[in-house]
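Asker: Okay, here's the structure, questions in a sec.
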Amino acid sequence: MKKHTILLLALVLGLVSCNQDLLNIDEKGVVEESDYYATDDDALSAITVVYNTMKSAYVPDFYIKNLLSNDAYCGGGSKGDRSDLEQLNEFSFSADNSNIKTAFSNYYQVIKYANVVIEKFPEDSETNTDVKDQCRAEAKMARAWAHLQLTMLWGTPPLVDHVLSSSDDYKQPNSAPEVMWNFIMTDLTEAAAVLPSKSSMNEEVVRFTKEAALSLKGKAQIFSGDYAGAKTTLKKVIDSGLYGLVSDMTTLFNKKGDYCEESMIEMNNVWDASNWNFSLFHLFTNPRADKMYIPSISYARGYGFFNPTDDFYNSFIEHDGDSHRLNSWIRTWDQMMDMEYANDQSGLKASFIYAHEGYFDFKYFTYADEVPAGGWGYYCEANFKYMRYAEVLLLYAEVCVEAGDSDGSGLAALNEIQSRAGAPETELTLENVKKESRYELWLEGTQYVNLVRWGDAATELADQGAYIPNFKGVAEDGSYIVDKSQYVNTYYGFKSNKHELLPFPEAETIVNSNIVQNPGWTNSGDE
């Protein structure tokens, strides 16, 4: 299906009219904007830019949501390697954190280009076609996705429902939550009414589907507190029979799992040596290559970020036992050492691995055969997954706890997750759903926002960042040697009435006098 991906025409939304008083020259090879947004091909090119911009938003979105959770250490080579990321992981960040600024900007870039598609190809146009209808629906879904991320993280972000055209227009005020939720639901409802469904469970679909829009709508309904509405919406996705859980969980986040039956929202990565996007993501999630020898199946480089905490691993194994899911998501030092190595070289290269307790992220492991020779590890062909059917099942199980489960379908959804994982099946309770969500959706950007939504963040994240451990190998009795004394912080952890929401970026509050900063936050110069 990758062969059918629409080719990115980077030109399409970069058309900016020149100031005719300064430069009144006809440029060769440039299409007039008034003539461009006309054909089906134009619409396809425009929506491709929306998809590409949404893909660009994946990495900062991943960093923020997962580093704010209690399931992984930031990692890197040493203290200060990426202080901007460490600040997130330790809750010492401020309103000028670069990742927060980047994520905020990227979400609005998605909205910007989606608005272009919606406005340039209006439904009431005499030249409207089925192709333009689908592109417009996809743009509405992308716009809703971006507004949803902004609302989950910032609470009252500006709602942007049109192409901004002036400096004053850019100074949008905070939105009221009820207005934002209504806007998101409307976009997703209208998108779902137009978008096609898959033809079968095994069809590989690159573009958004009706069920993907409904899944996102159900999630938005839960975050807005509409459990009854979410139950109805998510049940439609389950009853469609077009999505399922793959049996081999080790394939889900590598190339083998691209566009599998479990994928709800996924962004395509296709290698083109002459045109590719630089990204550190797959190097960040691979083991630290200058601190240890790397298994032969892995790409030879890695920066060692997102290392599972000892607390998370022990909680996971207590819950799952030696399950398929545990071994698909995490590998211990012993398991890593049992793998094949070039020249039989294995073990530590240095005295310790920073921010590490002997456990490795294997969910986003970077396989050598998925990194093109010319990409140098800055590109990997494994796709980015934004939402899986597993999350749909867990969201549905949760709303059945809240809204009732008279037909047992909520319990069935929870047990389906547990059965595939190899974990014990349990009764349907909110506590059991919380546990399954933490283990099943580990490092998928759900834990932090869920903890805040459930009111558990102040307890679960209170001590996060108190110390940063160093892994120093294995003792004679087989236990892991972990030094917790070298890096100790005095300021750390989630603070109530502050960290429930991210700060609006300092740069944004400086240029936009209409936006009100979130509670507990100030600009650096005001502190």
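Asker: Please work out the Cα center distance from segment 158-172 to segment 278-313, rounded to the nearest Å.
Answerer: Cα centres, segment 158-172 to segment 278-313: 41 Å.
Asker: Using only Cα atoms, tell me the angle between helix 177-194 and the longest principal axis of the chain; keep it within 0 to 90° and round to the nearest 10.
Answerer: Approximately 80 degrees, to the nearest 10.
Asker: Averaged per residue, what accessible area in Å² does segment 341-446 show with a 1.4 Å probe, protein chains only?
Answerer: With the other protein chains kept in place, segment 341-446 gives 33 Å² per residue.
Asker: What residues have an amide H closer than 5 Å to that of M292, excluding those fewer than 5 places away on the same chain, when H is modeled at 1.01 Å from N in the peptide plane?
Answerer: Amide H neighbours of M292: K349.
Asker: Once every DSSP H run of n ≥ 4 in the chain is given -39500 (n - 2.57) and the sum is divided by its residues, what mean residue ellipticity at 222 nm do you get, rounded to the nearest 500 deg cm²/dmol?
Answerer: Value at 222 nm, helices only, nearest 500: -12500 deg cm²/dmol.
Asker: Okay, next question. In degrees from 0 to 90, rounded to the nearest 10, what is the angle of the helix 58-67 Cα long axis to the longest principal axis of the chain?
Answerer: 40
Asker: When a/c is below 1.5 the answer is rounded, else prolate if a/b is larger than b/c, else oblate, so apply that to segment 383-527 with a ≥ b ≥ c taken from the square roots of the Cα gyration tensor eigenvalues.
Answerer: Oblate, since a/c reaches 1.5 and b/c is not below a/b.
Asker: In addition: Using packing as a proxy for protection, rank 389-395, 316-322, 162-168, 181-187 so that the peptide with the highest average count of other Cβ atoms within 10 Å comes first.
Answerer: 389-395, 181-187, 316-322, 162-168
Asker: From the alpha carbon gyration tensor of the chain, can you work out the equivalent ellipsoid semi-axes (sqrt of 5 times each eigenvalue) and give them in Å, largest to smallest?
Answerer: Here the semi-axes work out to 37, 27, 25 Å.
Asker: Shifting gears a bit: Ranked highest first by the average count of other Cβ atoms within 10 Å around their residues, in what order do 272-282, 211-221 fall?
Answerer: The peptides rank, most packed first, as 211-221, 272-282.
Asker: Go through E204, E123, E476, E444 and list them by solvent-accessible area, largest first, probe radius 1.4 Å.
Answerer: E476, E123, E204, E444
Asker: So if each residue of separation counts as 0.36 nm, and I subtract the Cα-Cα distance between N275 and D369, what length gain in nm does that give?
Answerer: Extra length available between N275 and D369 comes to 31.9 nm.
Asker: Next up: Computed FRET efficiency, Cβ-Cβ of S197 and T522, R0 51 Å: what is it to the nearest 0.05?
Answerer: 0.60
Asker: What pairs in K236/K435; K120/K140; K65/K349; K79/K385; K235/K255 have C-alpha atoms more than 22 Å from each other?
Answerer: Long pairs (Cα-Cα over 22 Å): K236/K435; K65/K349; K79/K385; K235/K255.
Asker: Rounded to whole Å, give me the distance from the Cα center of segment 462-494 to that of segment 220-252.
Answerer: 38
Asker: Calculate, in nm to one decimal, what A228 and S406 gain on full extension: separation in residues at 0.36 nm each, minus their alpha carbon distance.
Answerer: Full extension from A228 to S406 adds 62.8 nm.
Asker: Next question, about the same structure. Just the number please: accessible area per residue for segment 69-213, 1.4 Å probe, all protein chains included, in Å².
Answerer: Solvent-accessible surface per residue comes out at 37 Å².
The values are calculated or read from the model by the stated rules, or taken from the named source; none is laboratory data. Because the structure is a prediction, the values reported are computed rather than measured. All Cβ positions, even for glycine, are placed from backbone atoms using ideal geometry, and neighbour counts span all protein chains on display. The area values use the complete protein model at the heavy-atom level, side chains included, leaving out ligands, DNA and RNA. Shrake-Rupley method; radii C 1.70, N 1.55, O 1.52, S 1.80 Å.
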